[in-house]
Structure formats: structure tokens, C-alpha cells
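The values are calculated or read from the model by the stated rules, or taken from the named source; none is laboratory data. Computed from a predicted model, the values in this text were never measured in an experiment. Cβ sites come from the backbone with ideal geometry, for glycine too, and all protein chains shown count toward neighbours. Quick note on the areas: whole protein, heavy atoms, side chains included, nothing else; ligands and nucleic acids left out. Shrake-Rupley method; radii C 1.70, N 1.55, O 1.52, S 1.80 Å.
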Amino acid sequence: MDRLAVIGAGIMGTRIVRHFLNAGWQVALVDPSAEARDAARAVLGDAACLVVEVGDLGPDWDATRLVIEAVPELLDLKRRVLADLEARFAPQTILASNTSGLASADLTRDLRHPDRFVIAHFFNPADLVPAVELVPGPATRAEVMRDTADLLARSGKMPAVLKADVPGFIANRLQHALMRECFHLIDQGVADAETIDLVTRWSVGVRLALTGPMLQRDLNGLDTHLRIAEYLYPDLDARQTPPDLLARKVAAGELGRKSGRGFYDWDAARQAQAAATERMLPEVIRLARAADSTEDN
Ligand code: NAD
């Protein structure tokens with residue numbers, strides 16, 4: 001049976017573990033915080049997962065196939081943890097980082113064998129969202145990329161192999177390009193948050209899970225896209241710093257769901273709706289997979 005160790009029992013680590021447990025892997029989850037370990041045990045329930053303190057992994061875990069670090073997004077901490085992992089695990093163990101966007105060149109600076117390092121960027125909730133961005137570091141061996149992609153695919157994930165490391169990889173670049181324009185539209189008084197959500201969900205949103213933007217362009221016609229791009233691009237927001245509106249919201253403590261207010265009020269009804277929406281995610285994923293199998297037929 002394949003073995004996996006996840007380092008950091010937070011939001012991401014715990015749900016990454018749940019995915020691999022569901023796929024039948026033998027999994028260890030490591031965290032120095034007793035509170036985090038207890039919270040992870042509560043989420044994972046009776047699932048057969050070893051949840052331990054750092055340093056408590058026995059020698060039978062030496063030859064673990066894959067180790068994924070999911071500790072907080074702090075460069076120095078991640079570098080220290082990765083160097084410890086390199087010393088702890090056998091040379092054939094693949095060392096993966098779930099960083100949201102720290103550069104692989106920075107993350108691997110203290111490694112003696114950076115050829116076995118790869119960024120494996122999971123999405124929240126990691127047990128449900130199929131895609132994982134796989135990003136090579138400057139020294140990553142092609143074989144490590146291929147093996148990581150293979151084992152992720154075998155576990156039921158959809159690995160997306162990037163050819164190079166760029167800030168934000170693919171998904172965060174697209175998400176932030178979209179959000180920059182959303183903030184701009186609000187700032188210009190064109191629409192409020194509710195209207196932007198309505199148009200996004202009920203126009204491009206309903207199609208995106210089934211086709212993706214590039215396929216969608218083929219459907220619409222690239223000549224039409226070019227004509228629109230010629231007059232539209234000069235008018236799109238191209239600012240190089242975060243939007244003022246975003247900074248103002250954060251300064252006012254309006255952080256969204258976690259603080260009770262963001263663009264919406266997070267009362268009990270909205271909290272319940274958000275939880276219900278997450279429960280619907282598997283159904284959306286099932287339909288998107290069905291769309292892919294239609295394509296094969
Ligand atoms: P989190 O704060 O919820 O969890 C981090 C965990 O790491 C904590 O439980 C902490 O106790 C533990 N930790 C700290 N030092 C440690 C050490 N030395 N060894 C082992 N564990 C240690 O953070 P998160 O949201 O799960 O994010 C983890 C990583 O995943 C970050 O790099 C983040 O950028 C990335 N990420 C997060 C999301 C998201 O939506 N939250 C999505 C994709 C990627």
C-alpha cells in the first residue's frame with residue numbers, strides 16, 4: 001500500500017489527508033500543535049490515520065513514497081521544514097510543498113537534493129476539488145514530475161503539470177486577474193458586489209466547470225475574440241498594486257466570513273447556505289466529469 005506523510009494539520013493538511021485516506025493510502029499527519037492534532041482527529045473521525053507530533057514518526061515511515069508539507073505560508077519556516085524532511089526521509093521520497101505561491105527556487109535553497117522537490121498545489125477543500133497544480137523547481141527531475149503526477153492521478157486527483165514556476169501558478173493568476181476587474185467595476189460605480197456575482201455565476205460561471213476558458217474561446221470564435229480584445233483591453237484595469245477598496249475593507253476588519261462581514265453580512269442563514277453549497281460541490285464535480293466522458297464518446 002502506498003504511504004504518504006503530510007506535515008501540518010491545518011485547513012489544507014487535514015483535507016489532503018482525508019483525500020488520500022479515501023483513496024486507500026496509509027497516511028501519517030504530523031503537527032507540533034496538540035490543538036491542531038485534536039482538531040484534525042475531529043475532522044478525520046475514526047479514519048485509520050496516524051496523527052503525531054513532529055519527531056514521533058517511527059522508522060517504518062522512512063521509505064514513504066511522498067511527503068507533502070502544508071505548514072503556514074512563511075518562507076523561513078517552510079525552508080527549515082523541507083531541510084528537516086530531506087534529512088528525515090529516504091532519498092527516493094518525493095518532497096512536495098503545498099505553497100500557494102512561494103518561489104520554488106527560494107523554497108529549495110537549503111536542500112542538498114532539490115531534484116526530488118516539487119510544488120503540489122491543492123485547492124480547498126482538498127479532498128473534493130480534483131485539480132492539483134504540479135510545478136517544477138529549478139532542479140526537479142522530469143521523473144519526479146512524472147511519478148508525482150502518476151500517483152496523484154491514481155489517487156483520483158487531476159494533476160496539471162506546469163512547465164515552469166511563475167508566481168500564482170495558473171489558478172491564482174486567473175483568480176486575481178478576475179478579481180482586479182471586479183474591484184475596478186465596483187470602484188467605478190458600474191455595479192455592486194451582488195450584481196457582479198449574479199452576472200459571473202449566471203453567465204460565464206455556469207459554463208466554466210464544463211468547458212474551461214480556452215475551449216470556450218474556440219466555441220465562440222477566435223476572430224470575434226480578437227475584435228473585442230482590440231477595443232476592450234485598453235479599458236481593462238491594469239493596476240500593479242492591490243485595490244484600495246480591498247485595503248480599506250481589510251483595515252476595517254471586514255474580512256468576510258471569518259469576521260462576520262465582507263461584501264456580505266455573514267449571519268447564521270448565510271453561514272448555513274455556505275455549508276450547504278460545499279455539500280453540493282461533489283455533484284458539480286460529478287457533472288463536470290460526466291461532460292469529460294461525453295467528450296470521449
Ligand atoms: P493552517 O494555518 O490552517 O495550518 C498550518 C498547520 O501547520 C498548523 O496546524 C500548524 O500547527 C502547523 N505547523 C506549524 N509549524 C509546523 C512544523 N514545523 N511542522 C509541522 N506542522 C507545523 O494553514 P493552511 O491554510 O492549511 O495552509 C497551509 C499551506 O497550504 C500554506 O502554504 C498555504 O499557503 C497553502 N494553501 C492554503 C490554501 C487555503 O485555502 N487555506 C489553499 C491552497 C494552499
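Observations on the structure shown:
- Screening V54 on (1) at pLDDT below 95; (2) touching a Leu at 6+ places or on another chain (Cβ under 6 Å) shows it passes everything except condition (2).
- Within this structure, P159 passes the test of being within 28 Å of T277 (Cα to Cα) and surrounded by 15 or more Cβ atoms within 10 Å (Cβ to Cβ).
- Criterion applied to L226, L287, L245 was being in contact (Cβ under 8 Å) with a residue 40 or more places away in the chain and over 29 Å from P130 (Cα atoms), and the one residue passing it is L245.
- Screening R154 on (1) within 30 Å of D115 (Cβ to Cβ); (2) surrounded by 14 or more Cβ atoms within 10 Å (Cβ to Cβ) shows it passes everything except condition (2).
- Number of the condition not met by A139 [criteria: (1) away from the ligand (no atom under 16 Å from the Cβ); (2) touching a Pro at 6+ places or on another chain (Cβ under 6 Å); (3) not in a loop (DSSP other than H, G, I, E, B)]: (3)
- Evaluated against (1) more than 30 Å from D235 (Cα to Cα); (2) modelled with pLDDT of 95 or more; (3) surrounded by fewer than 19 Cβ atoms within 10 Å (Cβ to Cβ), A171 falls short on exactly one condition, (1).
- Some residue of segment 129-138 being in contact with an Asp or Glu (Cβ under 6 Å, 6 or more places away or on another chain) and either open to solvent by 50 Å² or more (accessible area, probe 1.4 Å) or aliphatic (A, V, I, L, M) (or both): yes
- In segment 174-186, the residues that are open to solvent by less than 60 Å² (accessible area, probe 1.4 Å) and touching a residue at least 40 places away in the same chain (Cβ under 8 Å): E181, F183, H184, I186
- Failed criterion for D76 (all others in (1) touching a strand residue (DSSP E or B) at 6+ places or on another chain (Cβ under 7 Å); (2) within 13 Å of the ligand (Cβ to nearest atom); (3) farther than 18 Å from G13 by Cβ hold): (1)
- Residues in segment 187-203 that are in a helix (DSSP H, G or I) and open to solvent by less than 70 Å² (accessible area, probe 1.4 Å): A193, T195, I196, D197, T200, S203.
- Looking across segment 147-176, the residues that are in a helix (DSSP H, G or I) and more than 15 Å from the chain's Cα centre (by Cα) come down to D147, T148, A149, D150, L151, A153, R154.
- Residue match in segment 53-71 (condition: more than 22 Å from the chain's Cα centre (by Cα), away from the ligand (no atom under 13 Å from the Cβ) and among the aromatic types (F, W, Y)): yes
- Number of positions in segment 102-114 that are assigned to a helix (DSSP H, G or I), crowded, with 17+ Cβ neighbours inside 10 Å and more than 14 Å from the ligand (Cβ to nearest atom): 1
- Which numbered condition G189 misses (of (1) under 24 Å from R239 (Cβ atoms); (2) touching a residue at least 24 places away in the same chain (Cβ under 8 Å)): (2)
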